[in-house]
């Protein structure tokens, strides 16, 4: 996982901001447009219709409808964050004005001491900081992310100032000093938010506070025990205490944690915070813990789609290789969290394996979370269905819709990293970018049909000719890659999963990367019992699935012979243009009478069609399966 | 399912009572002995230790421990019933005396009006007959079954008189008359119990009352709606009302029900009551409903082990062919209920297919419910396990342990039926019986090693020589059967699954039945998605399984090649003597690194060993699987 040799640049690369990257492709550009014009407005509409925005008026009284829920503030915050990212790339005065109005309302709800939480202000005003599972700091963390994003997008400090007051309030309440709470939140999020606020403001106290909460987590005497003592019969304690606070990743000090446990979204958010603090502080013990946890998660707890958190019971992890397909939880938020974590881990370790996971999650588990029209969202993302799973417009606990929106709106920020003397190309997509590598500004134009085709042409236009290393990720899924520079074959060194081209670059230089992208039959480790005797079909980063509307019901009665020829084609008219795979398979036929028989079922030939997993449930309702019997 | 021709005897056959049949075999006799000497005493001990018997003192007060639970009375009743059956075949003065003592205590708890229920007398004394899901009539039904059994076993009327008063109380409260409740119980049981009491006492009111409750069930205006109106927020209504009372099989009048739904134990008990009333009244519409429901259950809702009720959520049914193996519920009580129902259906329809199911349930799902030492019990009986399932000594809701005990203690009653001019042999086991076929008394001596061997010799000793039809069930699992009578090959007619031998019988006549009993690979209907691509191994009526202690962990990594030779042998030293199957299989090996790969897993040869499913979890804890990958 660690690169064999360190890349040359001495200064660590940083992500190239999403504002510097513009997708011009037929894959992400339309999805971003749908996100901007449909999903983000749908989030706003729902936040208004359900009373989430009005909650900031603080005029709710017992007995009235729309009691502000503990996590409502975070839904509004994530919508603001997504809207701000959208504004940054697509100015929209009306949206800008509506944001100003909502932000003014939010500011009006802030208490004199900086505290901001609608639920704990109007529903349980005397219970501040008494409940570790009530998302108090989690909501504030999301508000801080929104404030930072809004400031970056608009230059306005209206929400940022609110967030500074929030953070100052938290900083007074929590900490190692006398009279301060030695605590942290049951739902992690504030840790990474405080690092963002530190970066946006330069105020070191916020980084210190994040580090304090991370260091404090899981230590003895346990902060949650102290809260529990005052309320021993609270359902949350009964439910979660038996597991020693694993649900909250608070069962051990974080540096001692070696296994990913508990609630999946909380886990990924914590690990993001750990990576942020490790990077800011050069904290190698924290970095090492993150590396160990990453390895555990990706080797033992991850679906082929990149989804994590297999169980509905705890919205999280169970035990190694327990990855049921039909019952899979794979919350969309956990996929977003995994992408956030993967990006941080790459910047910590600079190994392409991190981006391999990021890409796997992004093209599969993550974007499956939104309908093609941007108006419906999956909360859970199973890998098999009998047809009972459908995206919904909104949820009572609606964390996922605005989460996928904020990710899509800022997706350009995952394509490149840069440092003086180097540019890292993580993702391939037809796009234009302006990359700042130290003092050098380089325009990079990718021309490609990725992920439907593995050929990528990169035109490199440095503002002034000069030497730097261009590093092209060679995806882990790819078994054969070639590179040409200005039409001539090149043999770049492979370092940490990246093909390094170190040369003097001039405007108009062209690189052609050809990634072989055949259809692959993928097998699971036989210890993943749910996938035994089955294969999944992948092509490039995209996992395919069978849907009932193409293949009929009873998808487990279909068997793909090991030697069946698999044919891929691009279908421009299907769901906005997607690839599909077809093959000759066999269908086992129902028994006429008894459910059990000594004769094997008869079979008949059936042509099967697989479409990308991310695109399922966008046509007629019906069954779906990623893992197909046979070979 | 219906026999092609009706058997000859005009009078319907009746079961030969268990007191007339004595097992002398190495299979049932030891199990009955363990039941008598270990399981029934264990049930008594638990009923005493947990306060279930003391509850009848009616001295519980709020705040005291051991609050009598709504279903406690039924556990005591089922223990008494089992103990009574045991007394009938194995006189035991000490047990007899203890029963007298407990019965006296029970009698002392009966209220002046005949009402008997510890919970509703001491915990909620003002809530009689107000809750349809609180097992009130269910408990009384079990007490009536106990009273009838105790009277039959001992001739004593002590508990029977209590039960008559109970039934008279119910008969005053429920019925079509003015001021009577037009109701019935959410947990069926009373229906079949009242028929037993009618048979024991000759009092027709009890049969009429049972018929009333069956006829009333599911009709409009709905009895449960009336109860619900007084308590709209009760959790049970919220949980179950959405399904229109399917949980209680009260969603439609029973004659209109065509699909088996809801709670599995409740369903089988209702269907028993329906069959009893249909038989008593010659009610063909009720009989037809039972036939339709049976067909639905056995074709769509039954595991290969005979287990029913696949879901933990409702302890019951979901949808057709939804039969997950690891998550299977298959409550032991539902298996007992299935056996009770099957016996009644055979007597209604006289088709061997009913006994095929009875035998399937009995040898597999049912007796798996008890440990080999008679001291631990399964409540749920999955068909696959990672090692997390183990029998327990007792349960908070401990319906299953005494249920399996009462079945085993009376198992002899399932071997034969008889009517004037005919004897039906349903089950094969080394045993002695005295069968009354009309005026003729016939001793039947079975000599066999069944279920380990398919050869059965029956010696027929009529008290006086005479003509009658001996009907030998030809099991549905058997593909080749031969019959010899006194050493000469016979070609008996097959009628409704029974080989009919119609002749003049003399003392000493011998029949040799040879049932071919090879190991069979059994396939499931491909619409049962959980079993696709897998086989189960059966030999005779016995389903086999792989256990971790024989085969290692990760049983789904094992593949049985379609042509692998399967070898069966009897192992006298294993778990009291059981058969086992071995074969050469392949084990897929774990991946070294990533969980997903484009290469199929490597394999190595592994000898596998399967033991009878009923015997699993009697050695070292570990994994278990009935359905094996491959062919």
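The values are calculated or read from the model by the stated rules, or taken from the named source; none is laboratory data. Values in this document were obtained by computation on a predicted structure and should not be read as measured data. Heads up, the Cβs are rebuilt from the backbone with ideal geometry, glycines too, and the neighbour counts pull from every protein chain shown.
Scanning the stretch B:189-217 for residues that are more than 15 Å from residue B:274 (Cβ to Cβ), more than 22 Å from the chain's Cα centre (by Cα) and surrounded by 24 or more Cβ atoms within 10 Å (Cβ to Cβ) turns up just one, B:206.
Among the residues making up the stretch A:511-535, a single one is more than 10 Å from chain B (Cβ to nearest Cβ), surrounded by fewer than 19 Cβ atoms within 10 Å (Cβ to Cβ) and closer than 21 Å to residue A:545 by Cβ: A:519.
Looking across the stretch A:583-606, just one residue is touching a helix residue (DSSP H, G or I) at 6+ places or on another chain (Cβ under 9 Å), surrounded by fewer than 19 Cβ atoms within 10 Å (Cβ to Cβ) and either farther than 30 Å from residue B:305 by Cα or not assigned by TED's automatic domain parsing to the domain that holds residue A:535 (or both), and that is A:606. Scanning the stretch B:32-53 for residues that are surrounded by fewer than 16 Cβ atoms within 10 Å (Cβ to Cβ) and under 25 Å from residue B:571 (Cβ atoms) turns up at least one hit. Screening the candidates B:148, B:122 for the property of being outside any loop (DSSP other than H, G, I, E, B), touching a helix residue (DSSP H, G or I) at 6+ places or on another chain (Cβ under 6 Å) and touching a residue at least 24 places away in the same chain (Cβ under 8 Å) yields one hit, B:148. Consider the stretch B:303-330 and keep the residues that are within 11 Å of chain A (Cβ to nearest Cβ), more than 19 Å from residue A:597 (Cβ to Cβ) and in contact (Cβ under 8 Å) with a residue 24 or more places away in the chain. The one that is surrounded by the most Cβ atoms within 10 Å (Cβ to Cβ) is B:324. Where strands (runs of 3 or more DSSP E) sit wholly within the stretch B:547-631, those with at least 2 residues that are more than 12 Å from chain A (Cβ to nearest Cβ) and within 23 Å of residue B:516 (Cβ to Cβ) occupy B:567-571, B:578-588, B:603-612. Does the stretch A:129-150 contain any residue that is more than 28 Å from the chain's Cα centre (by Cα) and not assigned by TED's automatic domain parsing to the domain that holds residue A:333? Yes: the stretch A:129-150 contains one or more residues that are more than 28 Å from the chain's Cα centre (by Cα) and not assigned by TED's automatic domain parsing to the domain that holds residue A:333. Please indicate, with yes or no, whether at least one residue in the stretch B:387-396 is farther than 27 Å from residue B:507 by Cα, surrounded by 23 or more Cβ atoms within 10 Å (Cβ to Cβ) and either in contact with a helix residue (DSSP H, G or I) (Cβ under 6 Å, 6 or more places away or on another chain) or assigned by TED's automatic domain parsing to the domain that holds residue B:580 (or both). No, because not a single residue in the stretch B:387-396 is farther than 27 Å from residue B:507 by Cα, surrounded by 23 or more Cβ atoms within 10 Å (Cβ to Cβ) and either in contact with a helix residue (DSSP H, G or I) (Cβ under 6 Å, 6 or more places away or on another chain) or assigned by TED's automatic domain parsing to the domain that holds residue B:580 (or both).
Taken as a whole, the structure places residue A:42 among residues that are in contact with a strand residue (DSSP E or B) (Cβ under 9 Å, 6 or more places away or on another chain) and in a helix (DSSP H, G or I).
Here residue A:452 clears all of (1) touching a helix residue (DSSP H, G or I) at 6+ places or on another chain (Cβ under 9 Å); (2) more than 29 Å from residue A:503 (Cα to Cα); (3) in contact (Cβ under 8 Å) with a residue 60 or more places away in the chain except the condition numbered (1).
Among residues of the stretch B:290-301 that are surrounded by 23 or more Cβ atoms within 10 Å (Cβ to Cβ), those with a beta-carbon under 8 Å from a residue that is modelled with pLDDT under 95 at least six positions away or on a different chain give the pairs B:294/B:1. The residue list A:548, A:576, A:552, A:497 contains one member that is outside the structural domain of residue A:320 (by TED's automatic domain parsing), under 30 Å from the mean Cα position of the chain (by Cα) and under 30 Å from residue A:603 (Cβ atoms), which is A:548.
If you filter the stretch A:375-386 down to residues that are surrounded by fewer than 24 Cβ atoms within 10 Å (Cβ to Cβ) and out of contact with any strand residue (DSSP E or B) (no Cβ under 8 Å at 6 or more places or on another chain), you find that the one that is nearest to residue A:85 (Cα to Cα) is A:375. Does residue A:104 satisfy the criteria of being outside any loop (DSSP other than H, G, I, E, B) and free of Cβ contacts under 8 Å to residues at least 60 places away in the same chain? For residue A:104, the condition - outside any loop (DSSP other than H, G, I, E, B) and free of Cβ contacts under 8 Å to residues at least 60 places away in the same chain - is met. Against the criterion of being under 16 Å from the mean Cα position of the chain (by Cα) and over 18 Å from residue B:348 (Cα atoms), residue B:303 qualifies. In summary, helices (runs of 4 or more DSSP H) completely within the stretch A:171-260 and bearing 1 or more residues that are at pLDDT 95 or above and under 30 Å from residue A:343 (Cα atoms) occur at A:190-201, A:204-216. As for the stretch A:534-543, it holds at least one residue that is modelled with pLDDT of 95 or more and not in a strand (DSSP E or B).
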